[in-house]
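Everything below concerns the one structure shown next.
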Amino acid sequence: MADRMFMAEVKAAARCGGCLLCALSDAAEDRYLRAILREGGSSERLLGEIVDSRGVCREHGWRLLDDEIESEGNALSTCCVFLAPVEELGSVLKKTRTTSRRRPRRKPKGLKGCPVCLMVSHVVECYESELLRAFGDGSLAAGGVDLCLCLRHYAALERVAFAAGDDDTLERVRSRQREDIESALAEAREYIAAQNVAAHGEHTCADPRADPPLQLVRLVAGLPRRRPNGDR
Ligand SMILES: [Zn+2]
Ligand SMILES: [Zn+2]
């Protein structure tokens, strides 16, 4: 059976009203970004990872800044964390003299990916296995949570079930996915028909963006990204 902590996390994810794995991934990302802001400037390990990857990716860099300004009203921790790779590179470049006119390698040897992206993808892999187990042994349903995923995460769960040779659970994941697909298609067709009616002047649609086919959008695009203030 799934452990209580995991089920508590899944129930919180279910309250976001969309793909469970997108929501679990967002929660893991938030926790890690908060940890960087809380202890990043004093954690040798974290600073080492950020130096090794020459910073963080665009999305996570700006998220750190936005989140800190939103919560603290300043950018002090972000500044301390960002100083590490810049100081390191600055001192390396000071000692380096260009003796060759060869083009630099596209990706310097040993350069790692964004540590936040790497951590989130590792945690999500663990969540995929946990979620499959909880779906397979019935603890997800017993906890009152429906399996609801985006297409990308359905594919991930199918891969995990396939790799585990768990044909029964694989079939149940596919069956759940079929239901979601049929429901999203019905909603999308209704939306297209309504828009066509509006376009032909039979009635006026005040706002063409009103009531978009959200089931279809969430199935294809996953949960909407969170704004710094926590809104979706
Ligand atoms: Zn998803
Ligand atoms: Zn990243």
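The values are calculated or read from the model by the stated rules, or taken from the named source; none is laboratory data. These numbers were taken from a predicted model, which means no experiment stands behind them. Neighbour counts are summed over all protein chains in view; Cβ atoms, including those assigned to glycine, are modelled from backbone coordinates with ideal geometry.
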Does any residue of region 9-29 turn out to be within 16 Å of ligand 2 (Cβ to nearest atom), buried (at least 18 other Cβ atoms within 10 Å of the Cβ), of a type in the set (Val, Ile, Thr) and under 22 Å from the mean Cα position of the chain (by Cα)?
no
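Give the residue, chosen from GLY55, GLY18, GLY48, that is at pLDDT below 95, within 16 Å of ligand 1 (Cβ to nearest atom) and among the small types (Gly, Ala, Ser).
The conditions single out GLY18.
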Run down GLY222, GLY201 and say which single residue is within 19 Å of LEU21 (Cβ to Cβ) and either within 25 Å of the chain's Cα centre (by Cα) or modelled with pLDDT under 95 (or both).
GLY222
Within region 21-39, how many residues are touching a helix residue (DSSP H, G or I) at 6+ places or on another chain (Cβ under 6 Å) and either within 16 Å of ligand 1 (Cβ to nearest atom) or among the charged types (D, E, K, R) (or both)?
6
Complete set of residues in region 137-167 that are on the phi < 0 side of the Ramachandran plot and not in a helix (DSSP H, G or I):
ASP137, GLY143, VAL145, ASP146, LEU147, CYS148, LEU149, CYS150, ALA164, ASP166
Do any residues in region 111-136 that are assigned to a helix (DSSP H, G or I) have Cβ atoms under 7 Å from those of residues that are away from ligand 1 (no atom under 16 Å from the Cβ) and of a type in the set (S, T, N, Q), where the two are at least six apart or on different chains, and which pairs are they?
PRO115/SER53; LEU132/THR169; PHE135/THR169; GLY136/THR169
